Amino acid sequence: MKPAIRTEGLCKHYGDTVALDRLDLTVNEGEVYGYLGPNGSGKTTTIRLLLGLHRPSGGRAELFGVDAWSEPVAAHRRVAYVAGEPFLWPALTSAETFEFLARLHGGTDVSYRDGLVERFQLDTSRKIRALSKGNRQKVQLIAALATRAELLLLDEPTSGLDPLMEMAFRDCVKEAKERGQTVFLSSHILSEVEALCDRVGILREGKLVDEGTLQELRHLSVQTVEVTFMGRAPNLSPLEGVQVQSAGPNALRFEVSGSVGPLIAALAGVGGNSIKTLSSREPSLEEIFLHHYDGSEDRVRA
Amino acid sequence: MSAPSALARRAFRDARTRTIAFGYLFAAYAYIQPVGYRHAYPTLSDRLAFAHSFASNDALRLFYGYPYSPLTVSGYSAWRVGGTLAILAAVFGLLAAVRALRSEEDTGRMELILAGAVGRRTMYLSAMSAITAGTLILWLAESVGFIAGGLSAGGSAYLALASVSVVPVYVGVGALASQLAPTRRIALELGSAVVGLSLLLRVIADTSSGAGWLRWATPLGWTEELRPFTGAHPVVLLLPAVASVLLLVLAARIAAGRDIGTGVLPARDSAPPRLRLLSSPTAQALRTERGSLIAWTSSVAAFAFILGMVSTSVSSAGISKSVQREIAKLGSVSIETPAGYLAFVFIFFILAVSLFACAQIAAARHEEADEQLETLLSQPVSRHGWLGGRLLLATFATGALSLTAGLLTWAGAASQGVSISLPRMLEAGANCLPVSLLFGGVAALAYAIVPRASAGIAYGLVTVTFLWQLTGSVLGAPKWLVNLTPFAHVGLVPAQHFRAEAAVIMLGIAVSSALAATWIFQRRDLTGP
């Protein structure tokens, strides 16, 4: 089975600026892939290349084994796209926009669309130019979801949506996953990615700096262990991959990269009996993300 | 820097390309006329013959206005330049005001500025001072053109002032239209309708006997009443001054009292779905362009009908051979018969249809700049399918416009009992096609290669080659240089034969440019605004 998305050494330069640098990415069918990165890191560039809207400076991108640049029409029959900025036709109403996009794409599930209109509480008789940004975003989303395309390319799809609509969106993505659709979700809203995605890629200045399931990313990342002692906190000899901070007169906080085993052994060595409480916390996606982005170059594992 | 001056500088910078282009055009046109006249009619007898045959011809006043003194270099210049540049000045004023007011509001930039410590009055006045600076540049450019062409400094300044005095009136029209209309497009359409109506009034005033008083009803007529070089009436300047102040104050009052982002005319924001013309990108483009297509067609139809009617008044007085030759050089054939006259006016229809063809390509570029094209092409829609459909639509619309010109000219002429055959006039209409499609093809090529600059290149090319056609031979330029303009290769139907060979070559260039455009467009990144 061909993967839904595959890129090989995909590059894009705009003049001297390197927007995307040798991206190798595979998203399998049925997967929900979170594509994370701050503004200007190359997320939208990636999607434009995947859609064949911009021409790769190097490498190639395939959707279901079809080259994205040379055969865009064949590729797009299996894809629905939601842009970060809703660029629609101001003089058409939402209903007319749905009709137009449905005729262009083909295969739209009209009853599902009507259900979505209900769910997203959209007035379809309003012209696009009279809609707020959030409502225009809904029009795009509904049109894309209603195609039931095998691959949904979503570029910051919830920008402008209120929290209720964001929940409705999450439900829709979960349903799409249950139906076996593939979702490529570009976002900088970490809670959204954490809630929806099977796998996550982190983009920094045009390079994919980390990739994996949330579990894998957590495993590779720092976890926090806090220990409170009965009396004064003991002095521990330095351990590799462990940073120690004081967290009060009787407490220590450890930032552990990799396994916590050596730390536990060391704590047992200085007298396990004196330990009052021990808590360990997995890093949130936010911490993983910030770990890649806190500015110091040496902390990035490329 | 204070807020008003920062805003004014910003507005001036936004308009700099347009201001520079118009400035060059004004200077060049002002320079060419006196020089060309001296060259073509060196002696008094030449000029008398010219005045007798050409200038007293009712039908020609349509384009150049009323000639008060065509026997002197300055009088001739005032006649030839004043009328034409006044029309361009009106367009300049309208574009400047709508761009500085309505476009700023449409894009949401005005909201951003007004959210800061800037009031509406400051915003408005800054926009106006930027436009004033642009207008002064046009005035200087035109004056310098005349002075370089050998006219007196004072007279040049006054003549330039006469044509530029039109600008503030149409800035007022544009400012008012920007308050009334809810979108830039509608504002431009309203303003264009006013410019068209003003021109129509001047045409009737200049050509129909007994309707001369109508000149007072149109700002384009006021320019003529200023009578540069022929007994100046500077007091007439009060008219444009009062009119522009009234319009600008009215616009400012409306601007002060309404919601930002809306217009006074209600925008219909809800509608029951109309599902016609949604089956393909081309159909949808036709749906979007429908309003402007109707506006173009009805304007061309109105002018064609009037020109047809006027063709009956062409004088058949004896014209000397040498003068006939000069007239022929001006882009025409003998204009002493209705057929000859109609052939001459069709040069202007060819110009209008060429501009229309470029406007169609500009509309395609607009769809890309507004990034709706990104939405389209992320659907299963091919690039060549989209551009090909757009080009086909442009071709059909251009053809329809051309035939409308032919048909309505015939109808106008026939209504006055001029005997001219319908097929011949339809042929004259179809004769607009090779040149306009040539420009359309070149515009498409420019669009594919340099999307952001393409509209400027296309309109500029049409304007420059047309002015060169009107002036090149009069200036005595070598034949090969004159022949560079496609307009020189048109057989002027109905007075001359249709030049099939030239038409085939032009269509060949048009088709190959369009194919090259499609090929190149297939290979480039989509380009935002």
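The values are calculated or read from the model by the stated rules, or taken from the named source; none is laboratory data. This one's a predicted model, so the numbers in the text were calculated from it and none came from an experiment. Every residue, glycine among them, receives a Cβ derived from its backbone with ideal geometry; neighbour counts consider all protein chains shown. Ligands, DNA and RNA are stripped out before the accessible areas are found, and what is left, the full protein with its side chains, is counted by its heavy atoms. Shrake-Rupley method; radii C 1.70, N 1.55, O 1.52, S 1.80 Å.
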Worksheet item: Could you list, in sequence order, the residues of the stretch A:78-87 that are more than 24 Å from residue A:204 (Cα to Cα), part of a loop (DSSP other than H, G, I, E, B) and in contact with a helix residue (DSSP H, G or I) (Cβ under 8 Å, 6 or more places away or on another chain)?
Response: A:86, A:87
Discussion item. Among the residues that make up the stretch B:483-490, is at least one of them in the same structural domain as residue B:305 (by TED's automatic domain parsing) and more than 30 Å from residue B:34 (Cβ to Cβ)?
Written reply: no
Worksheet item: Listed residues B:455, B:444; which is at negative phi and at pLDDT below 95?
Response: B:455
Worksheet entry | Residue list for the stretch A:9-58, restricted to those being in a loop (DSSP other than H, G, I, E, B), in contact (Cβ under 8 Å) with a residue 60 or more places away in the chain and over 19 Å from residue B:522 (Cα atoms) | A:28, A:29, A:30, A:31, A:37, A:38, A:39, A:41, A:42
Discussion item. Against the conditions (1) within 11 Å of chain B (Cβ to nearest Cβ); (2) open to solvent by less than 30 Å² (accessible area, probe 1.4 Å); (3) touching a Lys or Arg at 6+ places or on another chain (Cβ under 9 Å), where does residue A:158 fall short? Just the number, please.
Written reply: (1)
Fill in: helices (runs of 4 or more DSSP H) within the stretch B:115-219 that include 3 or more residues surrounded by 22 or more Cβ atoms within 10 Å (Cβ to Cβ) and touching a Pro at 6+ places or on another chain (Cβ under 9 Å)
B:120-148, B:153-164, B:166-180
Item to complete: For the stretch B:35-42, state whether one or more residues are over 15 Å from residue B:149 (Cβ atoms) and in a helix (DSSP H, G or I).
Response: no
Worksheet item: Pairs, please: C-beta under 7 Å, at least 6 apart or cross-chain, first residue away from chain A (no Cβ under 13 Å) and without any contact (Cβ under 8 Å) to a residue 40 or more places away in the chain and in the stretch B:381-405, second open to solvent by 30 Å² or more (accessible area, probe 1.4 Å) and part of a helix (DSSP H, G or I)?
Response: B:399/B:433; B:403/B:426; B:403/B:430
Worksheet item: Has the stretch B:226-241 got at least one residue that is within 26 Å of residue B:158 (Cβ to Cβ), open to solvent by less than 60 Å² (accessible area, probe 1.4 Å), basic (Lys, Arg) and out of contact with any Gly (no Cβ under 8 Å at 6 or more places or on another chain)?
Response: yes
Response to the item:
Exactly one of A:263, A:203, A:217 is surrounded by 15 or more Cβ atoms within 10 Å (Cβ to Cβ), in contact (Cβ under 8 Å) with a residue 24 or more places away in the chain, hydrophobic (A, V, I, L, M, F, W, C) and closer than 19 Å to residue A:279 by Cβ, and that residue is A:263
Discussion item. Test of understanding: among A:211, A:205, which residue is more than 17 Å from residue A:27 (Cα to Cα) and of a type outside the set (A, V, I, L, M)?
Written reply: A:205
Worksheet item: So residue B:291 fits all but one of (1) within 10 Å of chain A (Cβ to nearest Cβ); (2) closer than 25 Å to residue A:105 by Cα; (3) open to solvent by less than 70 Å² (accessible area, probe 1.4 Å); what number is the exception?
Response: (2)
Worksheet item: open to solvent by less than 20 Å² (accessible area, probe 1.4 Å) and at pLDDT below 95, is that true of residue B:436?
Response: no
Worksheet item: Going through the stretch A:59-77 one residue at a time, which ones are within 10 Å of another protein chain (Cβ to nearest Cβ) and either assigned to a helix (DSSP H, G or I) or in contact with a strand residue (DSSP E or B) (Cβ under 6 Å, 6 or more places away or on another chain) (or both)?
Response: A:72, A:73, A:74, A:75, A:76
Worksheet item: Just for the stretch B:184-238: of the residues that are at pLDDT 85 or above and among the hydroxyl-bearing types (Ser, Thr, Tyr), which one is nearest to the chain's Cα centre (by Cα)?
Response: B:192
Worksheet item: Just one of the numbered conditions (1) within 15 Å of residue B:381 (Cβ to Cβ); (2) open to solvent by less than 10 Å² (accessible area, probe 1.4 Å) is not true of residue A:61; which one?
Response: (1)
Response to the item:
Note on the stretch A:104-134: residues buried (at least 17 other Cβ atoms within 10 Å of the Cβ), of a type outside the set (Val, Ile, Thr), in a helix (DSSP H, G or I) and touching a residue at least 40 places away in the same chain (Cβ under 8 Å) are A:105, A:116
Worksheet item: Counting just the residues of the stretch A:223-247 that are in a loop (DSSP other than H, G, I, E, B) and closer than 23 Å to residue A:284 by Cβ, which one comes out farthest from the chain's Cα centre (by Cα)?
Response: A:247
